[in-house]
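Structure first, then comments.
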Amino acid sequence: MKQTVGLFFILVIFTAAAACRAQEYAIDEQFDNLDDWEPITFPKIEKHSTYEISTGEAGSMLVARSNGSASGIRHTEEFDVYAYPIVRWKWKVGNVYARGNVEEKSGDDYPLRVYVMFKYDPQKASFGERVKYGLAKTLNGAYPPKSSLNYIWANRPHENRIYPSPYTDRARLIILRAGGGETGQWVEEQVNIIDDYQQAFGSQPPETASIAIMNDSDNTGESAESWMEYIQVLR
């Protein structure tokens, strides 16, 4: 009887701990597989980057490769930015791009970047936005993001931390790492997306977001291999 009661309490404690962890994390991706990810491709770019899981003695991880290519993967789970404002991950790059340049379209390539994409809400949009986003949905089958933050590993240090995307005023590039000094090394990152959005756009972010990962080199024509051990969205 005592043994049964003891096992019962262990089960209760284990269940409660699992529930607390589930509440702490909106996303806790350890890259055992890619079941919760979907591809992101671009209409005018035919050559795509590749994403696969590698498993070894150190555990499983994501391997992202590009060779004059561009495409990404997006996690299918959306989350409430205000309930889960922290994004944390561990990444490594094999090299940076010699011809990269955060300020020009011709250099807008990175061996690894993490997107936080904020969902467009037609109920909160102006008339002009509804027309523009409605046309985009007609052409592409879905609404594009309202806005996005791109956390990047740049090829060299820059004067500022945040830059507008050379492609769209709805995206901001945020430099977390720069140059080749840390290539080949695992580096951990943690960002507060509400704080970064306020600095980048001067306003509060939309409520709903999703995350994506990309290794792209279509503009520079170079190649890179990069890795990610985990990515988490948490309170």
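Quick one: which of 82, 97, 115 is in contact with a helix residue (DSSP H, G or I) (Cβ under 8 Å, 6 or more places away or on another chain), within 25 Å of residue 39 (Cβ to Cβ) and of a type in the set (Phe, Trp, Tyr)?
On the way: 82 fails: within 25 Å of residue 39 (Cβ to Cβ); 115 fails: in contact with a helix residue (DSSP H, G or I) (Cβ under 8 Å, 6 or more places away or on another chain).
After applying the criteria, what remains is 97.
From the list 184, 202, which residue is over 19 Å from residue 40 (Cβ atoms) and touching a Gly at 6+ places or on another chain (Cβ under 7 Å)? Working first, answer last.
Details: 202 fails: touching a Gly at 6+ places or on another chain (Cβ under 7 Å).
Residue meeting the stated conditions: 184.
Of all residues in segment 83-104 being charged (D, E, K, R) and in a strand (DSSP E or B), which is farthest from residue 189 (Cα to Cα)? First the steps, then the outcome.
Kept after step one, since they are charged (D, E, K, R), are these residues of segment 83-104: 88, 90, 92, 99, 103-104.
Filter again for in a strand (DSSP E or B), leaving 88, 90, 92.
Working: 88: 6, 90: 6, 92: 11 Å.
So the residue we want is 92.
Which of the residues that make up segment 99-158 are open to solvent by 20 Å² or more (accessible area, probe 1.4 Å) and of a type in the set (Ser, Thr, Tyr)?
Residues satisfying the conditions are 106, 115, 126, 138, 143.
Which members of segment 21-59 meet the condition of being charged (D, E, K, R) and under 14 Å from the mean Cα position of the chain (by Cα)? Don't jump to the end; show me each part of the working.
Let us first name the residues in segment 21-59 that are charged (D, E, K, R), namely 21, 24, 28-29, 32, 35-36, 38, 44, 46-47, 52, 57.
Once the filter is applied, which keeps residues that are charged (D, E, K, R) and under 14 Å from the mean Cα position of the chain (by Cα), segment 21-59 yields 28, 29, 36, 38.
If you check residue 22 against the conditions, is it open to solvent by 50 Å² or more (accessible area, probe 1.4 Å), outside any loop (DSSP other than H, G, I, E, B) and either of a type outside the set (S, T, N, Q) or modelled with pLDDT of 95 or more (or both)?
yes
What are the residues in segment 88-109 that are more than 13 Å from the chain's Cα centre (by Cα) and closer than 19 Å to residue 228 by Cα, if any?
92, 93, 94, 95, 96, 97, 109
From the list 157, 144, 111, pick out the single residue that is outside any strand (DSSP E or B) and touching a strand residue (DSSP E or B) at 6+ places or on another chain (Cβ under 6 Å).
Testing whether each residue is outside any strand (DSSP E or B) and touching a strand residue (DSSP E or B) at 6+ places or on another chain (Cβ under 6 Å) leaves just 157.
Any chance segment 83-96 includes a residue that's closer than 24 Å to residue 198 by Cα, open to solvent by 10 Å² or more (accessible area, probe 1.4 Å), out of contact with any strand residue (DSSP E or B) (no Cβ under 9 Å at 6 or more places or on another chain) and not hydroxyl-bearing (Ser, Thr, Tyr)?
no
Taking the stated definitions as given, is residue 128 over 25 Å from residue 27 (Cβ atoms), part of a helix (DSSP H, G or I) and over 14 Å from the mean Cα position of the chain (by Cα)? Full working, then the answer.
Details: over 25 Å from residue 27 (Cβ atoms): yes; part of a helix (DSSP H, G or I): yes; over 14 Å from the mean Cα position of the chain (by Cα): yes.
Considered against the rule, which asks whether it is over 25 Å from residue 27 (Cβ atoms), part of a helix (DSSP H, G or I) and over 14 Å from the mean Cα position of the chain (by Cα), residue 128 comes out as yes.
Looking only at residues that are in a strand (DSSP E or B) and of a type in the set (Gly, Ala, Ser) in segment 36-82, which one is surrounded by the most Cβ atoms within 10 Å (Cβ to Cβ)? Let's see the steps before the verdict.
First pass over segment 36-82, keeping only residues in a strand (DSSP E or B): 37-40, 50-56, 59-67, 72-75, 79-80.
Cutting the leftovers down to of a type in the set (Gly, Ala, Ser) gives us 54, 56, 59-60, 64, 66, 72.
Values: 54: 12, 56: 7, 59: 12, 60: 14, 64: 25, 66: 27, 72: 22.
So the residue we want is 66.
The values are calculated or read from the model by the stated rules, or taken from the named source; none is laboratory data. Since the model is a prediction, treat every value here as computed from it, not as a measurement. So basically every Cβ, Gly included, is an ideal-geometry build from the backbone, and we count neighbours across all protein chains shown. Just the protein is used for accessible areas: all its heavy atoms, side chains included, with ligands, DNA and RNA removed. Shrake-Rupley method; radii C 1.70, N 1.55, O 1.52, S 1.80 Å.
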